[in-house]
Amino acid sequence: MPSTSIEATDPWCLRPGESAALLRDHPWRRFVVLGDSVAEGLCEPVPGYPDVQWADRIAAELRAVRPELAYLNLGLRGLRAHEVRTTQLAPALEFRPDLALVVCGGNDAFRPAYDPAAVDAELTAMVEALQAAGADVITVGMFDVSHSPAVPEKVRAGLGERMRRLAAHTRALADRLGTVHVHLTDHPQTADPSIYSSDGRHGSARSDAIATAETLRALGAHPAARPGHPVDQGVRATGTGVA
């Protein structure tokens with residue numbers, strides 16, 4: 001995909017009316033985001049794409065269907081998985097979400113000493129606590145940033161192996177725990193330089209547009225968002241009340 005494309009004609013982004021169709025019956029009213037810089041939103045501007053980060057875009061699309069949606073983004077750059085859990089899980093639970101996005105582990109995988117089991121344990125603790133509180137949880141296999149032109153060649157292979165390992169572990173965790181999983185690591189555009197920022201660690205506005213499309217498609221396939229799902233006055237099908 002040439003870097004001169006714009007979102008309206010980018011085949012990997014949402015089509016006109018697609019989001020409304022995907023989310024027209026969604027039940028979510030309280031959306032919380034936990035994570036690192038990917039959650040906080042450090043996308044680099046790209047001509048032709050709105051300068052709005054991924055989580056904010058998801059919240060805006062959810063709110064287009066339910067204007068009363070409450071949204072809290074706790075994401076903070078630089079945090080490792082254990083730091084996300086220790087600093088963000090409690091306030092996330094206090095928010096009483098019915099939908100949560102958890103995205104972290106990238107800062108762990110940037111380190112040669114990355115410990116997959118330790119990151120798995122932190123992600124599991126967060127997902128299980130959020131689910132126990134009545135929230136549907138979104139997990140993510142991130143784009144493989146080792147493809148960024150700004151990543152030094154000498155670290156590219158090792159970083160790519162760790163990013164793919166993190167993605168595989170997160171997908172296995174998602175299968176085990178029943179999350180809404182968004183797998184971006186093997187996306188057809190993961191090696192396209194236009195989706196990465198110039199710092200070699202983050203994405204561009206185009207990557208956030210693509211990630212938004214994939215996230216909304218995953219949410220649209222969730223049983224809670226399908227026509228006829230029993231949602232009555234803010235009470236989830238599980239029987240969990242939301243205020």
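The values are calculated or read from the model by the stated rules, or taken from the named source; none is laboratory data. Just so we're clear, the structure is a prediction, and the values are computed from it rather than from any experiment. We place every Cβ from the backbone using ideal geometry, glycine too, and count neighbours over all the protein chains shown.
The table that follows gives values for the structure above.
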quantity	calculated
Subset of the stretch 142-183 (residues that are in contact with a strand residue (DSSP E or B) (Cβ under 6 Å, 6 or more places away or on another chain) and under 27 Å from residue 220 (Cα atoms))	167, 170, 171, 174, 179, 180, 181, 182, 183
Given (1) modelled with pLDDT of 95 or more; (2) touching a Gly at 6+ places or on another chain (Cβ under 9 Å); (3) under 12 Å from residue 36 (Cβ atoms), index of the condition residue 98 fails	(3)
Long-range neighbours under 8 Å by Cβ, at least six apart or interchain, first residue of a type in the set (Lys, Arg) within the stretch 162-181, second in a helix (DSSP H, G or I)	162/109; 165/109; 165/116
Enumeration of residues in the stretch 106-122 that are aliphatic (A, V, I, L, M) and either part of a strand (DSSP E or B) or in contact with a helix residue (DSSP H, G or I) (Cβ under 6 Å, 6 or more places away or on another chain) (or both)	109, 119
Pair list, Cβ < 8 Å and 6+ apart or interchain, from the stretch 45-58 residues that are under 19 Å from residue 219 (Cβ atoms) and free of Cβ contacts under 8 Å to residues at least 60 places away in the same chain to residues that are in a loop (DSSP other than H, G, I, E, B) and of a type outside the set (A, V, I, L, M)	55/41; 55/75; 56/41
Of the criteria (1) over 30 Å from residue 86 (Cβ atoms); (2) in a loop (DSSP other than H, G, I, E, B), which one residue 52 fails	(1)
Subset of the stretch 42-58 (residues that are under 23 Å from residue 94 (Cβ atoms) and crowded, with 20+ Cβ neighbours inside 10 Å)	55, 58
Search result, residues across the stretch 88-105 that are in contact (Cβ under 8 Å) with a residue 12 or more places away in the chain, out of contact with any helix residue (DSSP H, G or I) (no Cβ under 6 Å at 6 or more places or on another chain) and in a helix (DSSP H, G or I)	88, 91, 92, 93
Residue within the stretch 21-38 that is outside any loop (DSSP other than H, G, I, E, B), at pLDDT 90 or above and farther than 26 Å from residue 133 by Cβ present	yes
Verdict on residue 130 being closer than 27 Å to residue 222 by Cβ and in a helix (DSSP H, G or I)	yes
Failed item in (1) among the basic types (Lys, Arg); (2) buried (at least 20 other Cβ atoms within 10 Å of the Cβ); (3) closer than 18 Å to residue 203 by Cα, with residue 85 passing the rest	(3)
